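The values are calculated or read from the model by the stated rules, or taken from the named source; none is laboratory data. Since the structure is predicted, the reported quantities are computational estimates derived from the model, not experimental observations. Cβ: placed from backbone, ideal geometry, glycine included. Neighbour counts: every protein chain shown. Surface areas here come from the heavy atoms of the whole protein model, side chains and all, with no ligands, DNA or RNA. Shrake-Rupley method; radii C 1.70, N 1.55, O 1.52, S 1.80 Å.
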Amino acid sequence: MNVDDGNTLATPPVVREEPAREEGLLLPGTIVRRISPARSAAVAARVGIVLGAAIAVCFVTGLLSHWIQHPPDWFRWPANPPWLYRVTQGAHVISGVMAIPLLIVKLWSVFPRLFARPLIGNPLRLLERGSIAVLVGSTIFQLATGLFNIAQFYPWRFFFTSTHYAMAYVALGALAVHLAVKLPVIRTALSRPPADRRDATNDSRVSRRGVLGAALAAAGVAGIAVAGQSVPWLRWVSVLAPRTGEGPQGLPVNRTATEAGVDGRVRGDAYRLTVSVGTTERGFSRAELERLPQTSAVLPLACVEGWSASAHWSGVRLRDLLAAAGGYPGGDVAFHSLEQGGLYSHTLLPTTHVVDDRTLVALRLNGEELSLDHGYPCRLIAPNRPGVLQTKWLSRIEVRA
């Protein structure tokens, strides 16, 4: 029998540690006591790293896509490898979709701290709050409108492409300010493990590791759910992909001939493809195009909505067609469609693509004559270009030396 005679130390009682409570929040006490320990800086910082990586990929690939469609004077996009745009635009859409669940978890983890005292405070705190508001608003805008774009649903009046591009810089600037202000907090949070003694209590609420695992799993599932429209062997699991890469003649159709208003203008003997080289101009009927030397190429059709599919194209090599019309002196080449008034009824093909052996005025697709919706009587197909720039229903080709 042990007797405490005053000279020995009694064994201290075991005290169960209660979960820490958030202090200084402008919220009712009953709500504060129920805040999950997973709503912490440690979770927010770690989710933020993955979210930041996804947004960085989305931002860089989005810039490339915009510059390809609306190239600045200094920008040059290569014709090879021919699959590069397929990869970059697929990565753009996949990373954007993956960012959605990560953003939700990030906002969930930091939401209580938005009510921390003081709400405004000194100028530095005001800058922090302002950057958060702009960052969250612009990021939600980018992800939401991007999601609508891949579904080709536009319930707004503004032009998506230019607005999406401009808002990307707004989000980037707000992120830079936010990181500069919060860097000490982020460094401290990352120096601590994501789980602590609070996760070892009988608290039935989700742990920090559980939240991090769920966030990563949700991001992975979201990415796979749309990746199949770019990655053929994932098509069977891409349940959320608006396009599967399949369609008439083996390719989806974004814009039909009826929508473009060219139904009755491409059939019959009256059709001519006009090719202009300097002061020389020559018209080619569909039959004359078929009599020129034919070339085949396997090239992907990759669209800005993220879907892509490879196809077997055949027709007249652009260089050969220009030679038959008077030669190619160099320079960019403009392509005009029979479509009237469409945003992409005319496009400009850079010299690097003009001289590539796989750039065709296509007459056939996957062994069949081009269907009307795929651009009959002829269309442009060039390597490493967005589908929106692969002009259908060609009416005129003009060399701009």
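The table for this structure:
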item	result
Glu281 being of a type outside the set (A, V, I, L, M) and within 14 Å of Ala324 (Cβ to Cβ)	yes
Residue check for Trp74: without any contact (Cβ under 8 Å) to a residue 24 or more places away in the chain and outside any helix (DSSP H, G or I)	yes
Which numbered condition Leu318 misses (of (1) crowded, with 21+ Cβ neighbours inside 10 Å; (2) out of contact with any strand residue (DSSP E or B) (no Cβ under 9 Å at 6 or more places or on another chain))	(2)
Unmet requirement for Ser276, which otherwise passes all of (1) open to solvent by less than 40 Å² (accessible area, probe 1.4 Å); (2) assigned to a loop (DSSP other than H, G, I, E, B); (3) among the small types (Gly, Ala, Ser)	(2)
Boolean, Arg379 is free of Cβ contacts under 8 Å to residues at least 60 places away in the same chain and open to solvent by less than 10 Å² (accessible area, probe 1.4 Å)	yes
Filtered residue count, segment 239-262, keeping only those that are among the small types (Gly, Ala, Ser) and at pLDDT 85 or above	4
All positions within segment 381-401 that are of a type in the set (A, V, I, L, M, F, W, C) and touching a helix residue (DSSP H, G or I) at 6+ places or on another chain (Cβ under 8 Å)	Ala382, Val388, Leu389, Trp393, Ile397, Val399
Of the criteria (1) surrounded by 19 or more Cβ atoms within 10 Å (Cβ to Cβ); (2) under 19 Å from Asn80 (Cβ atoms); (3) out of contact with any Leu (no Cβ under 6 Å at 6 or more places or on another chain), which one Val333 fails	(3)
Some residue of segment 284-303 being part of a loop (DSSP other than H, G, I, E, B) and basic (Lys, Arg)	no
Subset of segment 279-315 that is open to solvent by 20 Å² or more (accessible area, probe 1.4 Å) and of a type in the set (A, V, I, L, M) - its residue that is nearest to Gly146 (Cα to Cα)	Val304
Some residue of segment 352-365 being open to solvent by 10 Å² or more (accessible area, probe 1.4 Å), of a type in the set (Lys, Arg) and within 29 Å of Gly62 (Cα to Cα)	yes
Residue match in segment 318-333 (condition: without any contact (Cβ under 8 Å) to a residue 24 or more places away in the chain and either assigned to a strand (DSSP E or B) or of a type outside the set (Asp, Glu) (or both))	yes
Members of segment 238-265 that are out of contact with any strand residue (DSSP E or B) (no Cβ under 9 Å at 6 or more places or on another chain), surrounded by 13 or more Cβ atoms within 10 Å (Cβ to Cβ) and among the aliphatic types (A, V, I, L, M)	Leu240, Ala241, Val253, Ala257
